[in-house]
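First comes the structure, then the notes that go with it.
Nothing in this text is a laboratory measurement; each read-out follows from the coordinates by a stated rule. Only a predicted model underlies this, so the values are computations on that prediction, with no experimental measurement involved. With ideal geometry, Cβ positions are generated from the backbone for all residues, glycine too; neighbour counts draw on all protein chains shown.
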Amino acid sequence: MAFSHLGLSEKVISAISSAGYKTPTPIQDQAIPHVLARRDVLGIAQTGTGKTAAFVLPMLTMLEKGRARARMPRTLILEPTRELAAQVEEQFIKYGKNHKLSVALIIGGVSFGDQDAKLVRGVDVLIATPGRLLDHSERGRLLLSGVELLVIDEADRMLDMGFIPDIERIGKLVPFTRQTLFFTATMPPEIQRIADNFLHNPVRVEVSKPATAATTITQLQVATGRDPADKRETLRNLIRSADGFKNAIVFCNRKREVALLHRSLLRHKFNAVALHGDLDQSARTAALDAFRNGEAKLLIASDVAARGLDIPAVSHIFNFDVPHHPDDYIHRIGRTGRAGLTGTAITIVTPIDGKAVAAIERLTGQQIPWMGAPAATETHESRPPRPERSHGERGHGKSSHGKSSHGERPHRGERHGEQQPRQRADKTGGHATKPRTHKERPHHDASEESDGSHLPAFLLRPVTLKA
Ligand code: AMP
């Protein structure tokens with residue numbers, strides 16, 4: 001089907017053809033007519049399927065009627081991360097070039113005052129991360145009672161990041177009669193519950209099962225030692241010898257690991273940028289721009305920071321750490337092999353990663369072939385974590401729950417570089433953070449941590465069991 005049959009306005013159709021799109025993607029084909037018919041939509045789709053345009057295009061068409069009032073946005077899009085929010089804004093600018101709509105981005109890490117000034121002038125489209133949105137609302141600077149259309153994007157990632165209580169609060173601030181579009185890549189029970197709460201008689205649109213990895217992606221795993229220095233050496237060798245290498249995203253499980261690996265790669269003269277929740281907004285934007293325009297060949301990222309980012313034509317994905325959640329593996333490798341291009345995803349596997357790899361293989365229904373000899377298996381319990389050789393980094397210890405043991409946010413002002421003296425990490429007993437109570441709203445940046453473990457420091461110390 002062509003775009004012209006979906007019921008979109010002339011202005012939107014003209015912007016789509018300038019963008020060079022010939023045919024709608026399946027999610028656009030299936031969702032757009034229902035959105036225009038003012039139905040609630042439950043969209044099960046990953047990034048890369050064209051889901052953003054599936055809501056942006058009909059919204060633009062609908063917003064052609066009516067006008068914005070001060071502090072009362074007409075539509076609201078909730079995104080889990082600042083980058084995703086910024087990406088949606090870009091799409092509004094691209095597809096809305098024939099419209100005179102006002103779009104505001106309400107995200108953490110940028111000036112509150114500028115955002116407020118924009119809200120006063122009245123906005124048609126508000127794109128926001130939940131925490132900052134509630135800050136504005138609680139200060140009485142924003143009224144959500146005029147919202148006609150609410151989009152909840154990447155709902156499953158909102159759940160991972162602890163944003164569901166915020167989303168529920170926002171749900172109480174928007175009118176009951178609004179239209180809701182709800183997008184998620186996976187449908188765990190908690191997301192189903194939220195969807196049932198938010199949606200009225202929705203049309204369900206599902207474009208591809210989250211557990212299907214694109215067939216254009218060659219997946220491989222490579223064995224290495226458990227020591228992070230071994231892993232880094234393996235990664236360097238993989239990058240140097242990668243067939244058809246153009247650029248790559250290297251995924252780590254924790255933001256601290258992202259920073260460490262980034263520094264190490266720079267020392268080895270690799271052209272790399274890093275993306276993690278501790279960077280301020282301008283550093284994040286600069287890193288992404290450098291990677292997008294080809295200045296940097298490697299982007300080192302955590303799952304949350306990289307989630308949903310639209311980076312076309314990545315030739316390689318390297319999993320420096322095997323992801324804790326098999327769903328993340330699908331999302332990670334989906335960053336390559338896009339739009340019919342081929343890609344390669346290589347996972348670095350240590351002797352303790354056997355279970356995590358098996359979980360991925362169960363989910364995808366495919367065995368990941370080994371490059372070279374398979375890793376010897378070892379359980380977490382059979383050997384205490386080995387201390388890292390470089391300064392200031394601890395071994396890959398895991399808690400008894402199998403969760404990462406040091407994924408926490410560093411103390412303010414503290415940087416865990418390899419140059420940091422070792423005594424410091426030892427003295428502080430790691431990077432303790434206060435356990436979060438259910439009532440506390442996650443800090444915007446803290447919530448952009450990938451594994452969400454918040455354990456007191458004493459629980460994180462490696463324990464050596466006597467025989
Ligand atoms: P998304 O899934 O929204 O992250 O979109 C993934 C990419 O697909 C973005 O770069 C879009 O610009 C692009 N895209 C969206 N719709 C189409 C389409 N109908 N034809 C070609 N590319 C598209």
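Observations on the model:
- Overall form of the range 3-206 per C-alpha gyration tensor (a/c, 1.5; a/b vs b/c): oblate
- When the pairs Lys65/Lys97; Lys22/Lys65; Lys11/Lys118; Lys94/Lys172; Lys65/Lys172; Lys51/Lys297 are compared against a 20 Å limit on Cα-Cα distance, Lys22/Lys65; Lys11/Lys118; Lys94/Lys172; Lys65/Lys172; Lys51/Lys297 fall above it.
- Here each label is just a point 7 Å from Cα along the line to Cβ, and for Lys22 and Leu143 those points are 4.9 nm apart.
- The gain in end-to-end length when the Asn293 to Asp230 segment is fully stretched comes to 19.6 nm, 0.36 nm per residue minus the alpha carbon separation.
- Residue among Ile330, Ile300, Asn271 farthest towards the positive dipole end of the range 217-371, charges placed on Cβ: Asn271
- FRET E, pair His268, Phe176, Förster distance 41 Å, beta-carbon r, rounded to 0.05: 0.10
- Order of Tyr329, Tyr21, Tyr95 - criterion: other Cβ atoms within 10 Å of each residue's Cβ, fewest first: Tyr21, Tyr95, Tyr329
- 13 Å beta-carbon shell around Gly146, net charge (K/R +1, D/E -1): +3
- Extension gain, Arg240 to Ala376: 0.36 nm times the residue separation minus the Cα-Cα distance gives 46.5 nm.
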